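> Sharing a structure here in structure tokens format.
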């Protein structure tokens, strides 16, 4: 069983979905967990869903001054996971440039700001959540693929720059998260069914699947500069 006893874990974007699953598993493994996001209300609700005690922090990764102030005010972290992002989708020629810029700012530059300011233990870890579109582009989500590829490249470069801190990425496929909650339930279930049928794993993923990979990277001293795909075979199917 994985043990993170007495280790300090920060999950940026920890109020829902994949980030919340990472926080839940890290807390269950004995870590001292802090979840951060922009919404105090969502953080409070997420904290109530975790059986172990967690700390919360309101943090906007789009505000560099706030990011720097946050890390200056806290002790070093053993592990930082960045799962926060809001990205518009659509064909390049139809997606407004302002929306595209905001997507890049949210997912790539937000992670970059955190990586730049973060104070990590000497052999700590930094993990980005990317996505399999980096390897298998979609004609309707070109920007997402480019952002995810940039994040994975950032992880590889930082693994060299920040050594012996270990830097990695986890690349999910289709995951059943609250991201899809705005869809009509029947349409959502039909979409999940179609996707599952097309994948070698014959199922869509759960946030806990991604959390498993994140914790693996936390406790595996030989893993750095890696991108771990957890996509049901989406990149090869």
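> Taking 7 Å along the Cα-to-C-beta vector as the label spot, tell me the residue 185-residue 98 distance in nanometres, rounded to one decimal.
It works out to 3.7 nm between the two label points.
> Top mean-square fluctuation among 225, 30, 17, Gaussian network model of the chain, C-alpha springs under 10 Å?
30
> Given the -39500 (n - 2.57) contribution per DSSP H run of 4+ residues, what per-residue ellipticity at 222 nm results for the chain, rounded to the nearest 500 deg cm²/dmol?
About -12000 deg cm²/dmol.
> To continue, here is another question. Fewest to most neighbouring Cβ within 10 Å: what's the order for 74, 79? Write out the running numbers ahead of the final one.
Working: 74 15, 79 26.
Lowest count first: 74, 79.
> Just round it to a whole percent: the fraction of Cα-Cα distances in the range 80-139 exceeding 13 Å.
Taking all Cα-Cα pairs of the range 80-139, the fraction more than 13 Å apart is 68 percent.
> Moving on to the next point. Shape call for the range 195-237 from the C-alpha gyration tensor, a ≥ b ≥ c root eigenvalues: rounded (a/c under 1.5), prolate (a/b greater than b/c) or oblate?
On the way: a/c = 4.34, a/b = 1.99, b/c = 2.18.
Note, shape of the range 195-237 comes out oblate.
> Given an 8 Å cut-off on Cα distances and at least 6 residues of separation, report the relative contact order of the chain as a percent. Show your work: numbers first, answer last.
Details: 485 pairs, mean separation 45.2, N = 237.
With pairs under 8 Å counted, the relative contact order is 19 percent.
> Ratio of the range 80-237's C-alpha Rg to 2.2 N^0.38 Å, to two decimals?
Against the compact-globule rule of thumb, the ratio is 1.06.
> In a GNM of the chain with a 10 Å cut-off on Cα contacts, which of 132, 108, 216 has the highest mean-square fluctuation?
Answer for the Gaussian network model of the chain: 216.
> For the chain, modelled as a Gaussian network with Cα springs under 10 Å, which listed residue fluctuates most, 160, 143, 59?
Comparing 160, 143, 59 in the GNM, the peak value goes to 160.
> Using Cβ contacts closer than 10 Å as the measure, can you line up 119, 229, 93, 136 from fewest to most? Working shown, then result.
Details: 119 12, 229 21, 93 6, 136 15.
By the 10 Å Cβ count, ascending, the order reads 93, 119, 136, 229.
> While we're here: May I have the pair-distance distribution P(r) for the range 147-198, computed from all Cα-Cα distances with 10 Å bins from 0 and rounded to whole percent?
21, 31, 22, 19, 7
> Whole number please: convex hull volume per residue, Cα atoms of the range 108-153, in Å³.
In the range 108-153, the Cα hull volume divided by residue count equals 69 Å³.
> Please state, rounded to one decimal and in Å, the Kirkwood hydrodynamic radius that the range 2-58 gives when every pair of distinct Cα atoms enters the mean of 1/r.
Radius from the Kirkwood sum: 10.6 Å.
> Continuing with the same structure: Round to a whole angstrom and tell me the spacing of the C-alpha centers of the range 1-77 and the range 178-208.
If we compute the Cα centre of each part, the gap is 27 Å.
> List, largest first, the extents of the alpha carbons of the range 1-113 along their principal axes, each in whole Å.
49, 27, 26
> Take 107, 202 and order them by how many other Cβ atoms sit within 10 Å, fewest up front.
Numbers: 107 28, 202 10.
The most exposed by this proxy come first: 202, 107.
Only the coordinates and a few stated rules stand behind these numbers; no lab work does. Keep in mind it's a predicted model, so treat the numbers as computed, not measured. Cβ: placed from backbone, ideal geometry, glycine included. Neighbour counts: every protein chain shown.
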